[in-house]
1. Between Ala53, Ala151, Gly25, whose Cα lies farthest towards the positive end of the dipole of the chain when Lys and Arg beta carbons carry +1 and Asp and Glu beta carbons carry -1, centred on the Cα centre?
2. Name the residue, out of Leu58, Leu18, Leu44, whose mean-square fluctuation peaks in a Gaussian network model built on the chain with Cα pairs under 10 Å.
3. Taking neighbour Cβ counts within 10 Å as the exposure measure, how do His72, His12 sort from fewest upward?
4. Relative to the longest principal Cα axis of the chain, at what angle does helix 47-68 sit, 0 to 90 degrees, rounded to 10?
5. Over the chain, with a single point scatterer placed on each C-alpha, what log10 of the ratio I(q)/I(0) does the Debye formula yield at q = 0.12, 0.20 1/Å?
6. If you add up the charges near Leu11, with Lys and Arg at +1 and Asp and Glu at -1, over every other residue whose beta carbon is less than 11 angstrom from its beta carbon, what do you get?
7. Relative to the longest principal axis of the C-alpha atoms of the chain, give the angle of the C-alpha long axis of helix 84-118, reported between 0 and 90° and rounded to the nearest 10°.
8. Kindly express, to the nearest 10 degrees and within the range 0 to 90, the angle between helix 135-152's C-alpha long axis and the longest C-alpha principal axis of the chain.
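Bear in mind these aren't lab numbers, they're just calculated from the coordinates by the rules spelled out. Being a predicted model, the structure only gives us computed values, none of them experimental. Cβ placement follows ideal geometry from the backbone for every residue including glycine, while neighbour counts extend to all protein chains displayed.
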Amino acid sequence: MAAARRWLQRLHRAEDGLLAALLGGLLLLSLAQIGLRMFFDTGLAWAEPLSRAGVLWLALLGALGATRGQRHIAIDALPRVLPPPARRVAWFIAQLAAAACCGYLAWLGVGLVALEREAPVPFVAGVPSWVPMLALPAGFGLMALRFVLSALADPSEPGEGGA
């Protein structure tokens, strides 16, 4: 059990590191693009599409991090008035509903990637356009998994997020 907890902590640190690196990379790319345009009247042709894809990945990784700590948007009026047994049932239903929504979005993302693979266009040099779209099925699929696991765990107290 302790070994599994250590691996989970490493995974969480890796997620946080990836999120921070992506945010830093996007910031540096934007600053470089601004500097090139202001001082050299030029820019990087691949910076715009890479920034757009990076923002998509950043949003989904951030949402994944929020689901990990139960810091996502939630309506907690009902759990505040329910007794603990009913609160547990409401928690289970809400988490499974969120998992179903995320699972459906992941499935739609798979379909979108499949459509894009049929007639890919170049994204940036040597990378087809469907590659950055993998953020959709990967991000929503992992969020669905997190919500299922959360449904099996004890609910947090109303108004408090998990850690």
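1. So the residue we want is Ala151.
2. Result: Leu44 has the largest fluctuation of those listed.
3. In increasing order of surrounding Cβ atoms, one gets His12, His72.
4. Taking Cα atoms only, the helix is inclined about 10 degrees.
5. Ignoring solvent entirely, the Cα scatterers give -0.69, -1.27.
6. Surrounding charge for Leu11 is +3.
7. 20
8. Relative to the chain, helix 135-152 is tipped by roughly 10 degrees.
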